[in-house]
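Notes follow once the structure below has been shown.
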Amino acid sequence: MMSTSELKAKLGDYHSRLSSRDLQIAMKVHTHVRRYLGDYLFKEGFTEIPPVILSPMTDPLNHPTLDPVFSCYGYRYQLTKSMIFHKQLALLNQPKIFCFSPNLRFEPTERAESGRHLFEFTQLDLEIRDARREDAMALLEGMYTGLMAYSKKELASELKEMGRDLKVPKSPFKKISYAEAYEQYGASFESDLSKEMYEPFWIIDIPLSAREFYDYEDPEQEGILRDMDLIYPEGFGEASSGGEREYEHHRIVERIQKKEQDVNDYEILLEMASKGLYASAGFGIGIERLVRYICGFSRIEAAAMFPKIPGQLCI
Ligand code: ASN
């Protein structure tokens, strides 16, 4: 617990940060980013769906987080860690969907050191019916290069003030397989490669052990998924993750079992899958990380108005 004087000092810092110039710039960039990306997807024929904050099912994630459970009306609800399963269900209604989706992931306190983790953040999460991984990658490359060019033009004076020289990368971006990256750099491949590169790049073919059960296993390479991460250059780390999805009931059961998870925890998803889901591909891209990258901030909290820093009291 914090003492009253510590709390007063912390709130004093919050108060002055709220009127800082850096935060004004971050919020202007944030406004443009959301508008540009939303318009881009609207023009591509996507439907925006409202966010889900509370549900009896959410993304299990591939790393441990503290997961508060709420008991409401006699049912057990969780906070959304990602809308992956709701995206798959929304495709029953619409062929292409997106959402500016708030995610709550109560990461271990040490994660604050990365400068890339908030325990509440927003991702632009999208999913496309009957699409392949390559379709999702082409869409993200178009959005990303378009946004960089737009930002350089529309936010030129803000970027100048921040001393940020933003590059518009050439599409297609470089693709590196997970196995190749691991062999060359070992476990720290993502941050090592991110520091070395000057253009964004893809890590593809991520193995089953490093991902959740819902990404589609490549029928031609057992244990390898048809998925991808987009990594920022200049040491900014992961931008986006996505892939094709498992959508057939028996395959979802097999994949949950391969991950040694309990099928009973996924009763709702499995019941829905038994009635039929579409094949799909999609991804999520973190908005605060994108604003941080455009502004060139050293830490993620500079990109959020009310940053939720793991382990800290945040308002
Ligand atoms: N949104 C991601 C995806 O579509 C999943 C995640 O954020 N864990 O694959």
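The values are calculated or read from the model by the stated rules, or taken from the named source; none is laboratory data. If you're wondering where the values come from, they're calculated on a predicted model, not measured in any experiment. In this analysis, Cβ positions are derived from the backbone assuming ideal geometry, glycine residues included, and neighbour counts consider all displayed protein chains. In case anyone asks, the SASA skips ligands and DNA or RNA and just uses the protein heavy atoms, side chains included. Shrake-Rupley method; radii C 1.70, N 1.55, O 1.52, S 1.80 Å.
Under 28 Å Cα to Cα from Lys8, which lysines show up? Leave out anything in the same chain fewer than 8 places away.
Straight-distance partners of Lys8: Lys308.
Out of the total accessible area of the chain (probe 1.4 Å, heavy atoms of protein only), what percent is carbon and sulfur?
C and S fraction of accessible area: 53 percent.
Please tell me which of these pairs span more than 26 angstrom C-alpha to C-alpha: Lys96/Lys275; Lys43/Lys160; Lys174/Lys259; Lys43/Lys81?
As for pairs spanning more than 26 Å Cα to Cα, those are Lys43/Lys160; Lys174/Lys259; Lys43/Lys81.
Which ³J(HN,Hα) values in Hz, rounded to whole numbers, follow from the phi angles of region 300-313 under the Karplus curve 6.51 cos²θ - 1.76 cosθ + 1.60, where θ = phi - 60° and Gly and Pro get x?
Ordered by residue, 3J(HN,Hα) equals 4, 5, 5, 8, 10, 6, 10, x, 9, 8, x, x, 10, 6 Hz.
I'd like the Karplus ³J(HN,Hα) series for region 241-248: coefficients 6.51, -1.76, 1.60, θ = phi - 60°, whole numbers in Hz, and an x wherever there's a Gly or Pro.
9, x, x, 7, 10, 6, 9, 8
Rounded, prolate or oblate for region 1-54? Axes are the square roots of the Cα gyration tensor eigenvalues, ordered a ≥ b ≥ c, and the cut-off for rounded is a/c under 1.5.
Numbers: a/c = 7.89, a/b = 2.07, b/c = 3.81.
Cα axes put region 1-54 in the oblate bin.
Over the heavy atoms of Phe42, what accessible area does a 1.4 Å probe trace out, to the nearest 10 Å²?
150 Å²
Cross-link candidates for Lys175: which lysines have Cα within less than 17 Å, leaving aside residues fewer than 8 places away along the same chain?
Lys195
Whole angstrom only: what separates the Cα centroid of region 120-163 from the Cα centroid of region 224-242?
13 Å
Quick one: among Asp59, Asp22, Asp13, which has the greatest mean-square fluctuation in a GNM of the chain with alpha-carbon springs under 10 angstrom?
Of the options given, Asp13 has the highest mean-square fluctuation.
Grab the other residues whose beta carbon is less than 13 angstrom from that of Val52, score K and R as +1, D and E as -1, and report the net.
Values: positive: Lys81, Lys87; negative: Asp59, Asp125.
Taking every other residue near Val52 into account, the sum is 0.
Output the antiparallel fraction of DSSP beta bridges having both residues in region 1-149, as a percent to the nearest 5.
90 percent
For Asp67, enumerate residues with amide H under 5 Å from its amide H, sequence gap 5+ or separate chain, H modeled in the peptide plane.
Correct list: empty.
Around Ser177, which amide H atoms from residues at least 5 apart in sequence, or from another chain, sit under 5 Å from its own amide H, with H modelled in the peptide plane?
Long-range HN contacts for Ser177: Ile204.
Excluding residues on the same chain fewer than 8 positions from Lys152, give the aspartates and glutamates whose Cα lies under 14 Å from its Cα.
Counting by Cα, and skipping residues close in sequence, Lys152 has these aspartates and glutamates nearby: Glu161, Asp165.
Helix-only mean residue ellipticity at 222 nm, the chain, DSSP H runs n ≥ 4 weighted -39,500 (n - 2.57), per residue, nearest 500. What is it?
-11500 deg cm²/dmol
Nearest 20 debye, what's the magnitude of the dipole of the chain about its Cα centre given +1 on Lys and Arg Cβ and -1 on Asp and Glu Cβ?
1320 debye
Any idea how far apart Tyr73 and Asp262 come out in nm if each label point goes 7 Å out from Cα toward Cβ?
For Tyr73 paired with Asp262, the spin-label model returns 2.4 nm.
Checking understanding here: applying a Kyte-Doolittle mean of at least 0.0 and a length along the axis of at least 20 Å (C-alpha), which whole DSSP H helices in the chain pass?
Helices passing the filter in the chain: none found.
List the GluC sites (Glu not before Pro) within region 247-298 that DSSP assigns to loop and that have no more than 10 neighbouring Cβ atoms inside 10 Å.
Counting only loop positions with at most 10 other Cβ atoms within 10 Å, the GluC sites (Glu not before Pro) in region 247-298 are Glu260.
Which Cα, out of Leu41, Gly223, Thr4, lies furthest along the positive dipole direction of the chain (beta carbon charges, K/R +1, D/E -1)?
Looking along the dipole axis, the top candidate is Thr4.
With a 1.4 Å probe and all protein chains in place, put Asp130, Asp67, Asp125 in order of accessible area, largest first.
Asp130, Asp67, Asp125
Once you have all Cα-Cα distances for region 62-190, histogram them in 5 Å bins from zero and send the whole-percent values.
2, 8, 10, 12, 16, 20, 16, 9, 4, 2, 1
Using a 1.4 Å probe, what is the accessible area per residue for the chain, in Å²?
Using a 1.4 Å probe on heavy atoms only, each residue of the chain averages 49 Å².
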